[in-house]
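Engineer: Have a look at this one.
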Amino acid sequence: MPKTIIEPFRIKSVEPIRWTTRAQREQLLAAAHYNMFLLPADDVLIDLLTDSGTGAMSTHQWAAIMEGDESYAGSRSFERFRRSVQDIFGYKHVIPTHQGRAAERILFGIACRKGMVVPNNTHFDTTRANVEFTGAEAVDLLTAEGRQPALAHPFKGNMDVTALEALIERVGREQVPLVMLTVTNNSGGGQPVAMENVRAVSAVCRRHGIPLYFDACRFAENAWFIRLREPGYEHKTPKEIAQEMFSYGDGCTMSAKKDGMANIGGFLCTNDDKLAQQEKDLLILTEGYPTYGGLAGRDLEAIAVGVQEALEEDYLRYRIASTAYLGNHIAAAGVPIVQPPGGHAIYLDARAFLPHIPVEQFPGVALAAELYLEGGVRSVEIGTLMFAGAAQMDLVRLAIPRRVYTQSHVDYLVEVILEVWKNRERIRGLRLTHEAPFLRHFTAHLEPVGGVVARPAGNTA
Ligand SMILES: *Cc1c(COP(=O)(O)O)cnc(C)c1O
């Protein structure tokens with residue numbers, strides 16, 4: 001069989017993307033105050049801001065959308081959705097929500113109170129915010145390997161089981177309403193959690209009578225990494241691996257905008273009848289009736305098909321290979337990235353990339369700005385602008401939308417990044433000129449320290 005891994009689809013509908021000149025991009029970036037969130041999407045050539053809700057749907061999903069049953073209660077689409085989710089996740093109650101964070105708000109709103117502690121390998125930002133909103137404390141218990149960007153290790157998303165035991169010991173079992181595992185670990189570089197780690201965490205939870213929940217957004221990518229890297233799983237299907245993983249837990253929250261392969265949606269699952277009743281009561285108050293939960297029937301259909309497609313071997317092989325291709329090609333030229341390449345994104349280590357820019361001058365934002373200037377590529381800083389003094393690293397995330405870009409787009413990205421790498425010493429830091437009191441990265445205004453630097457003539461494309 002030929003070795004080249006190709007996109008396991010052909011293209012039926014195309015969406016044009018628009019070129020701009022470097023001179024135009026300089027103006028556009030200045031008008032956006034050097035903040036990627038303030039750029040109009042039409043002025044971006046390759047958009048790697050996020051993999052959330054940005055994927056392409058399949059012909060099967062579009063066909064299913066036409067079958068959407070928009071009945072308020074008891075719709076056929078909900079039944080399809082419930083059956084499809086249960087087939088993979090196996091939990092008794094499936095509650096649709098409009099996004100992952102709505103599932104989080106309902107779960108934590110019912111399970112958490114002030115003084116409680118929720119352990120996670122790493123809380124995603126909305127997850128942390130929803131835990132903290134209840135007055136509980138969100139604690140990250142990532143293993144030591146997971147905290148070293150340059151270290152290559154197969155399962156850098158694993159939870160530190162000893163630290164979990166110690167935490168439960170310290171605060172008491174009654175103060176831990178649930179333990180959560182994020183698969184894959186988005187905020188920690190898209191790194192997977194091993195089945196062995198899931199089993200160990202589950203055993204600790206069972207021993208203490210604490211429920212285990214998954215933040216399941218990228219469950220299919222995590223299943224593929226287990227198959228590639230964990231002994232004993234090389235002959236299992238991604239679906240069998242996902243089913244086994246979820247069997248060690250008691251429920252999950254899910255954003256269908258990731259491995260649900262849909263543009264909107266999410267869900268909350270649990271095996272606990274009493275909790276499910278409370279969750280449905282709250283759902284009716286804030287999201288909608290339990291057979292639609294803030295979604296249209298057609299959205300439920302798209303998700304029902306999408307969660308199954310996310311587990312297809314040809315898709316996952318291409319998906320993970322494509323992300324790794326980008327990471328490996330730039331790393332081979334010396335570009336510092338979080339190793340090994342994650343499932344949904346490549347993370348550039350901006351402090352190592354731009355050692356001449358002090359952390360107070362936002363090396364991640366400066367690097368993201370230069371990637372846009374060089375090639376019209378939009379990425380996102382995860383560092384000092386996002387987390388201020390709490391930032392332990394300054395990363396630039398290149399998140400890859402699902403089934404959207406082809407191999408030549410990826411080759412183009414490699415070329416752009418290597419050109420920026422070559423000229424890195426010319427990149428200047430930035431300073432803040434405006435910031436909001438919270439979540440400042442979405443709206444901040446910045447400007448180059450010492451003014452805009454002109455590039456040598458002859459490179460205007
Ligand atoms: C995206 C995401 C969420 C939140 O989901 P939304 O659909 O954006 O609300 C929660 N956890 C993780 C790990 C995510 O990646």
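FYI, it's all coordinate maths here, none of it is from the lab. Just so it is clear, the structure is predicted and the values come from calculations on it, not from any experiment. Note that we place each Cβ from the backbone using ideal geometry, even for glycine, and neighbour counts take in every protein chain shown.
Engineer: To the nearest 10 degrees, how steep is helix 22-31 against the longest Cα principal axis of the chain, on a 0 to 90 scale?
Structural biologist: Approximately 60 degrees, to the nearest ten.
Engineer: List the aspartates and glutamates whose Cα sits under 18 Å from the Cα of LYS236, skipping any in the same chain fewer than 8 residues away.
Structural biologist: Partners within reach: ASP87, GLU196, GLU221, GLU244, GLU309, GLU312, GLU313, ASP314.
Engineer: Tell me the net charge near LYS422. Cut-off is 11 Å between Cβ atoms, LYS422 excluded, with +1 for each Lys or Arg and -1 for each Asp or Glu. Intermediate results must be reported in sequence, preceding the final value.
Structural biologist: Working: positive: ARG424, ARG426; negative: GLU374, GLU415, GLU419, GLU425.
That works out to -2.
Engineer: With an 8 Å cut-off on Cα pairs and a minimum separation of 6 or more residues, tell me the relative contact order of segment 59-309 in percent.
Structural biologist: On the way: 527 pairs, mean separation 79.1, N = 251.
Value for segment 59-309: 32 percent.
Engineer: Also: Quick one: helix 219-229 against the long Cα principal axis of the chain, what's the angle to the nearest 10°, folded into 0 to 90?
Structural biologist: 80 degrees
Engineer: If you don't mind, another one. From the P(r) of segment 59-309, can you give the percent of Cα pairs sitting at distances over 34 Å? Kindly include the intermediate steps, with their values, before the conclusion.
Structural biologist: Details: 4098 of 31375 pairs.
Cα-Cα pairs of segment 59-309 separated by over 34 Å account for 13 percent.
Engineer: So for each of 15-22, 196-203 I average, over its residues, the number of other beta carbons within 10 Å; can you give me the resulting order with the highest mean first?
Structural biologist: On the way: 15-22: 10.6, 196-203: 18.2.
Result, highest mean first: 196-203, 15-22.
Engineer: Right, another one. Label-point separation (nm) for THR4 and ALA41, each offset 7 Å from Cα along Cα-to-Cβ?
Structural biologist: 3.1 nm
Engineer: Same structure, new question: Let me spell out the model: positive unit charges on the Cβ of Lys and Arg, negative unit charges on the Cβ of Asp and Glu, origin at the Cα centre of the chain. What dipole size does that give, in debye rounded to 20?
Structural biologist: 280 debye
Engineer: Quick one: putting +1 on the C-beta of Lys and Arg, -1 on the C-beta of Asp and Glu, what dipole do you get for segment 59-309 around its Cα centre, in Debye to the nearest 20?
Structural biologist: Numbers: 27 positive and 32 negative charges, 36 e Å.
Charge dipole, segment 59-309, about its Cα centre: 180 debye, nearest 20.
Engineer: What residues of segment 326-347 lie in the reach of a label at GLU425, counting those whose backbone N is under 20 Å from a point 7 Å from the Cα along Cα→Cβ?
Structural biologist: Residues 333-336 fall inside that zone.
Engineer: Can you flag which of LYS156/LYS239; LYS92/LYS257; LYS12/LYS280 are past 29 Å Cα-Cα?
Structural biologist: Details: LYS156/LYS239 22 Å; LYS92/LYS257 22 Å; LYS12/LYS280 40 Å.
Violating the 29 Å limit, Cα to Cα: LYS12/LYS280.
Engineer: Which of the GluC sites (Glu not before Pro) found in segment 219-276 are loop residues per DSSP with 12 or fewer other Cβ atoms within 10 Å of their Cβ? Don't skip to the end; give the middle numbers.
Structural biologist: Working: sites: GLU221, GLU234, GLU240, GLU244; in loops: GLU234.
Filter output for segment 219-276: GLU234.
Engineer: Which semi-axis lengths, in whole Å and largest first, follow from the square roots of five times the eigenvalues of the Cα gyration tensor of the chain?
Structural biologist: Values: eigenvalues 256, 131, 98 Å².
The answer is 36, 26, 22 Å, longest axis first.
Engineer: Any idea how far apart LYS274 and SER13 come out in nm if each label point goes 7 Å out from Cα toward Cβ?
Structural biologist: In this crude label model, LYS274 to SER13 measures out at 4.7 nm.
Engineer: Cα atoms only: what Rg and Dmax, in Å, come out for segment 56-189?
Structural biologist: Taking only Cα atoms of segment 56-189, I get Rg and Dmax of 18.4, 54 Å.
Engineer: Which lysines, on any chain, are close to LYS114 with Cα under 22 Å apart, when same-chain ones fewer than 8 places away are left out?
Structural biologist: LYS274
Engineer: Treating the angle as unsigned and between 0 and 90°, give the value, to the nearest 10°, between the Cα long axis of helix 100-111 and the longest Cα principal axis of the chain.
Structural biologist: The answer is roughly 40 degrees.
Engineer: When the Cα centres of segment 301-338 and segment 84-125 are compared, how far apart do they sit, in Å?
Structural biologist: 25 Å
Engineer: May I pose another question? May I ask you to order 375-387, 438-450 by the average number of other C-beta atoms within 10 Å around their residues, highest value first?
Structural biologist: On the way: 375-387: 23.1, 438-450: 15.2.
Top of the packing list down: 375-387, 438-450.
Engineer: Could you grab the relative contact order for the chain? Cα pairs under 8 Å, six or more apart, rounded to a whole percent.
Structural biologist: Working: 952 pairs, mean separation 107.0, N = 461.
Reported as a whole number, the value is 23 percent.
Engineer: Now a separate question. What is the distance in Å between the Cα centres of segment 41-65 and segment 194-236?
Structural biologist: Taking the Cα centre of each part, segment 41-65 and segment 194-236 sit 28 Å apart.
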